[in-house]
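Please treat every number below as a calculation from the coordinates, not as lab data. Model, not experiment: these values are computed from the prediction. Glycine also receives a Cβ, built like all others from the backbone with ideal geometry; neighbour counts cover every protein chain displayed.
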Amino acid sequence: QVQLVESGGGLVQPGGSLRLSCAASGRGFSFYTINWYRQAPGKQRELVATFLSGGSTNYADSVKGRFTISRDNAKNTVHLEMNSLKPEDTAVYYCNAVWRGQGYWGQGTQVTVSS
């Protein structure tokens, strides 16, 4: 069983930065594929960033150059560094782990970008 807990959300002005964290419990963290998703009101959940167990990363076009996903396998933690935030980045951000064909979700953390 894998449990995920996100933190770091909040209210930030346009152009600002936030760092989200996802702490995982369970075995085999270094083998997980970790994704960050987000869901804005009235919209479908969208994939924002992926960190594969092999070390490669992928980003949605809308966040490339602004967001950076990283992981610390020693601490079972994944981060999403978000810079140059825009109002359209406002959403609930979810951490997702995929391991042995199973998907696990955190409870989400709210990010609001507004002046």
* Structure fact -> Sequence order, region 41-56: Karplus ³J(HN,Hα) from phi using 6.51 cos²θ - 1.76 cosθ + 1.60, θ = phi - 60°, Hz rounded, Gly and Pro as x, gives x, x, 10, 6, 5, 10, 6, 9, 7, 9, 10, 6, 4, x, x, 7
* Asked: Kirkwood Rh, region 6-91, all Cα pairs: how many Å?
  -> 13.5 Å
* Structure fact -> Any aspartates and glutamates whose Cα falls less than 12 Å from that of Lys64, other than same-chain ones fewer than 8 residues away, would be Glu81
* Asked: Between Lys86 and Arg27, what length comes free when the chain is fully extended (0.36 nm per residue of separation minus the Cα-Cα distance, one decimal in nm)?
  -> 17.6 nm
* Structure fact -> Note, region 8-22: 3J(HN,Hα) by Karplus (6.51, -1.76, 1.60, θ = phi - 60°), whole Hz, Gly/Pro = x, goes x, x, x, 9, 9, 7, x, x, x, 10, 9, 10, 8, 10, 9
* Check Gly16: other-chain or 5+ apart residues with amide H under 5 Å from its amide H, H built from backbone geometry? -> Leu85
* **Vicinal HN-Hα couplings computed from phi for region 73-82 (Karplus, 6.51 cos²θ - 1.76 cosθ + 1.60; Hz; Gly/Pro x)** => 5, 5, 10, 6, 9, 10, 10, 10, 8, 10
* Asked: Stretch Gln102-Gln39 to full length: gain in nm at 0.36 nm per residue minus the Cα-Cα span?
  -> 20.6 nm
* To do: Under 15 Å from a label point 7 Å along Cα→Cβ of Ser53: give me every residue in region 94-113 with its amide N that close.
  => 97-104
